[in-house]
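Working notes for the structure below.
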Amino acid sequence: MILRCCTYVFLLLGAIPCMAQQPLIFDVSTVVVGSQRLETLYAYAEGKWSDAGPGLLPNSTEIHCYKRFSFCEAASASTSGGLASVSLSSFDILRWDQSEMIAVDSSPTCLVNTLRFDFATKKVSISSASKGETRDKYCKDLTPSLTATAFLTGAIGKSEEKK
């Protein structure tokens, strides 16, 4: 049950700011790219995934999408054992219309990752779903936390769990 009140969303587990699910930067514009000066619609977002650890800064993820070339790239920073790293993921754009852009990365063995830009609400989400693969031993260890949805936020401080 979700109740809206002023600038907070009250959940059964607590309160988080309404703006917490919007990225630091969200931009959709026309750009010119490459030596051939090709014009394309471009979507850009910067923020922190809602399921990222507390040690990451609010600008730990950047996403660039190019409509003409039908692809997105997402770079995300992470830390483990005191070491920092960056992962780069590529997504194929399936649909880009006035209301949303949807792109998928189906390269992992067990999962398909779906990236969604909602142009009306200026929100970005990523969700993972099982491909239903059962022959691969690694796929048997999928947990619900790996097949949930995260939002690109602009929140500073403690991150929220995937919902």
- Can you work out the base-10 log of I(q)/I(0) for segment 48-140 at q = 0.11, 0.24 1/Å, using the Debye formula on its C-alpha atoms alone? -0.38, -1.24
- Message: Give me a comma-separated list of calculated 3J(HN,Hα) values for segment 51-59, in order, Karplus coefficients 6.51, -1.76, 1.60 applied at θ = phi - 60°, integers in Hz, x for any Gly or Pro.
- Response: 9, 6, x, x, x, 8, 6, x, 10
- Task: Read phi for every residue in segment 92-103 and hand back ³J(HN,Hα) as whole Hz from Karplus 6.51 cos²θ - 1.76 cosθ + 1.60, θ = phi - 60°, with x for Gly and Pro.
- Result: 8, 6, 8, 8, 9, 10, 5, 9, 7, 10, 10, 9
- Note on the structure: Residue-ordered couplings for segment 110-121, obtained by feeding phi - 60° into the Karplus form 6.51 cos²θ - 1.76 cosθ + 1.60 and rounding to whole Hz (Gly and Pro as x), are 9, 10, 10, 9, 10, 9, 9, 9, 9, 5, 6, 8
- According to the Cα gyration tensor, what semi-axes, each the square root of 5 times an eigenvalue, does the equivalent ellipsoid of segment 94-154 have, listed from largest to smallest in whole Å? 26, 13, 6
- Rounded to the nearest 10 Å², the 1.4 Å probe accessible area of E62 is 70
- Note on the structure: Amide H neighbours of F71 at under 5 Å, excluding residues fewer than 5 places away on the same chain, with H built from the backbone geometry, are Y66, I93
- Message: Skipping prolines and chain starts, which residues have an amide H placed within reach, meaning under 5 Å, of the one on K131, given they are 5 or more residues away or on another chain?
- Response: L111, V112
- Collect residues whose amide H, placed 1.01 Å from N in the peptide plane, falls under 5 Å from the amide H of T149; neighbours closer than 5 in sequence don't count. K163
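The values are calculated or read from the model by the stated rules, or taken from the named source; none is laboratory data. For clarity, every value in this text was computed on a predicted model and none was experimentally measured. Protein only, heavy atoms only, side chains kept; ligands, DNA and RNA dropped before computing areas. Shrake-Rupley method; radii C 1.70, N 1.55, O 1.52, S 1.80 Å.
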